[in-house]
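Take a look at the structure below.
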Amino acid sequence: TEAWAKKDRARALEKAIWDREQEIDSTAAGGERVLAEILQQRYDEIVISDPDWRPHTDWSYEAGLDYGKRHPTAFLLFGKDHDGTIYAISEHYRSGLTPQQHAAEIRSMRIPCGDRPSVMRRVESTWSDPSLFPDRNPSENSEKFTSISNLFEQEASLKMTRGKRGLDQFFVTSLMEMWGGKDVKFKIWCPKPVLKKTEGTSEHGCPNLLWELKNIRRKDISTVVSLNKDQP
């Protein structure tokens, strides 16, 4: 009915306005930098620039994986100390490789725990976008079916774990909370910051992560564009 259509259109418009205000994009040319101000204010508390710093062997370790076809694949290693502070320690940031090639490079990485580097098998879980996981039982398909998550699991034993959609916004919101209290609860090891993203694999710091957090912005798109994106 016409009344229902108007009500549905109003809900869509509200969503479009919300998306315009809240959606983030590290590649956007315009829009407000979401984390730049707090990063500048608390840089010495957030960023560990000492090249001799090392994580501890008795910490717990997890990772995040963002697999890209059109953009680089990013793998980030995190450690958590006994006080609950999280540290971004190492990263793999590469494009143009197959999942197997990415997995081989990630598998060869070591957790740089002082004089006793630990193998990646210590990672308890690797949180990844749900699109990497199969949405059906492979046995239901007559053809052989292997998901991206299975490829990474088979090749690198990363303990792939399905995350939730919208993790980017959740991550940024969580960072603002962890950086907004008396003590910084999320730190980034980065002895050599970069002026632009640089592809490669680094066991000693996360330069691309720091660059991205400095430059992440709210998407600078109009309400009309956002609304049109949601139409079938």
How do the pairs read when you match residues in the stretch 49-70 that are within 15 Å of LEU132 (Cα to Cα) with residues anywhere that are surrounded by fewer than 14 Cβ atoms within 10 Å (Cβ to Cβ), using Cβ under 8 Å and keeping only pairs 6 or more apart or on different chains? GLY68/SER95
For the list (1) surrounded by fewer than 13 Cβ atoms within 10 Å (Cβ to Cβ); (2) at pLDDT 80 or above, I need the number of the one condition that SER128 fails. (1)
Could you check how many residues of the stretch 92-123 are under 18 Å from the mean Cα position of the chain (by Cα) and surrounded by fewer than 16 Cβ atoms within 10 Å (Cβ to Cβ)? 1
Scanning the stretch 58-91 for residues that are buried (at least 18 other Cβ atoms within 10 Å of the Cβ) and hydroxyl-bearing (Ser, Thr, Tyr) gives TYR61, TYR67, THR73, TYR87, SER90
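The values are calculated or read from the model by the stated rules, or taken from the named source; none is laboratory data. Since the model is a prediction, treat every value here as computed from it, not as a measurement. So basically every Cβ, Gly included, is an ideal-geometry build from the backbone, and we count neighbours across all protein chains shown.
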